[in-house]
Structure formats: structure tokens, C-alpha cells
Amino acid sequence: MNEKFPLPPESTTRPNANAQMVLDFLADHPEFFQEHSALFSQLRIPHAQPEGTVSLIERQVEVLRRQNQRLERRLNDFLEAGRHNDQLFDRLHKVALHFLTRKNATTDPALMSHLREMLAVDAVAGTLWISPPRPIAGFRIAPEKPAKLLPEDWDTEHPYCGRLGEAMGVSLFGDKHPDLRSIALIALGPSHHEIGFLALGLADPDHFRPGLATTYLHRLGELLSTAFGLSTP
């Protein structure tokens, strides 16, 4: 039921006189709307604007509504970025635990399958051009750095992200993954002296896209270099 609000006694005088009585009442009782704030939800105040025009208040409300929508979109973007970062941190955590809790993790024949699952990618391949101090299952040992195979613009101090061409895909992952479309290359070895790399492949052509932030991949490279015993010269 709607709340009943006290009003001045009914009058048989003209409407203007009734309006004046209301005005006089409100003037004498300035606390009225504070004590009866629910009345605001029942009031209907038409705008005295010509058809096709917008009042200043309506315009301000519209501007504030749009600003609020933009802020909501930004907040959603931040939340999505936070969830994505949590996923990346969780993957690094899984990799670290994997090597800490398994004595023979590097020689496990299923090493590449484990990495593919933990990193949530479609394919993993590793190449070294210097023999490691201990065997690493699934890695290819090349006689020298395969410079012709790697992108010319790859600065090995930072992970490389980009589209995967068919020739590079076959050379790195073999012919079992013809659907791979994007790749990340992560240098392995001591800082500023790489002796190999890990390649991650995905069918999504936009996942490892140029310009992607690579802090996560860089940390992954440091973690794996240490786990494989490659972090010291």
C-alpha cells in the first residue's frame, strides 16, 4: 500500500488557492520531504519542453549514464585481465610443482605431453644446439642454431609471438599438427646466452599474436631453464 502523506485540509477555493496552500505548507515544514522521502518514488513531474527537445536534467542523466557504461566496460576489462593473469599464474605454479615433486621429470618420456597439458597449448617442441648436462625427454639436439628456421626479427632476449607458417610448423612440430596457426618461441639457457628454445603452438591464429605481453612466457623460460639445468653457462 502506498504511504499516506499529510496534506493541508481540503479547500473549496480555486485550484490556484489550493496550490498556494501546498506551497505555504511546504514552506512552513521544510523537513517534510526528509521525513517522507518515499514520496519521491510516487511523484511524476512532466518536463515543460517543446516536443523534440531534451531538458538539461535529462541531458545530464544521459551523459552520466554513458559515463557509467564506459566505467563498467573498463571494470569488466580489468576483471577479465585479472582472471587471465590468475590462469597464467596457475599454469606456472603447476609447472613448478611438476618439476619439484618428480625426481625424473626431465627424463620422463611423457614430458612434452605434460607440458602441453599444463600450459594449455596444442603442441610443444624443444630444440637445443648444445648438449644438456642431463637428458631432456622429447628435445631435439641440433648440430648448430637453426637460424634459417627461426624468425629473422626474433630478439631472443624476449619471447617471440606470431603467426605460424606451414614450413616452420612442419619443421618444429612435424606433420602431426597441420592445424597450428600461432606460435610462441621461448629462449632457453643462461641469460643473454641461449642454447635452445621451446616452441608452443596453438590452432587459434590470434592467441600468440605480435605485440602480446610476454612477461609470463619469459618467466616460463626462466623456470624451465632452471628445471632443465640450463640456466648456468
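FYI, it's all coordinate maths here, none of it is from the lab. Note that this is a predicted model, so its numbers are computed, not measured. Positions of Cβ are generated from backbone atoms using ideal geometry, with glycine treated the same way; all protein chains shown enter the neighbour counts.
Taking other Cβ atoms within 10 Å as a rough exposure proxy, 225, 191 sort from fewest to most as 191, 225. FRET efficiency for the pair residue 93 and residue 71, taken as 1/(1 + (r/R0)^6) with r the Cβ-Cβ distance and R0 = 22 Å, rounds to 0.10. Sorting 117-125, 90-98, 59-67 by average packing, meaning the other beta carbons within 10 Å per residue, from highest down gives 117-125, 90-98, 59-67. Considering only Cα atoms, the convex hull volume of region 103-169 works out to 130 Å³ per residue.
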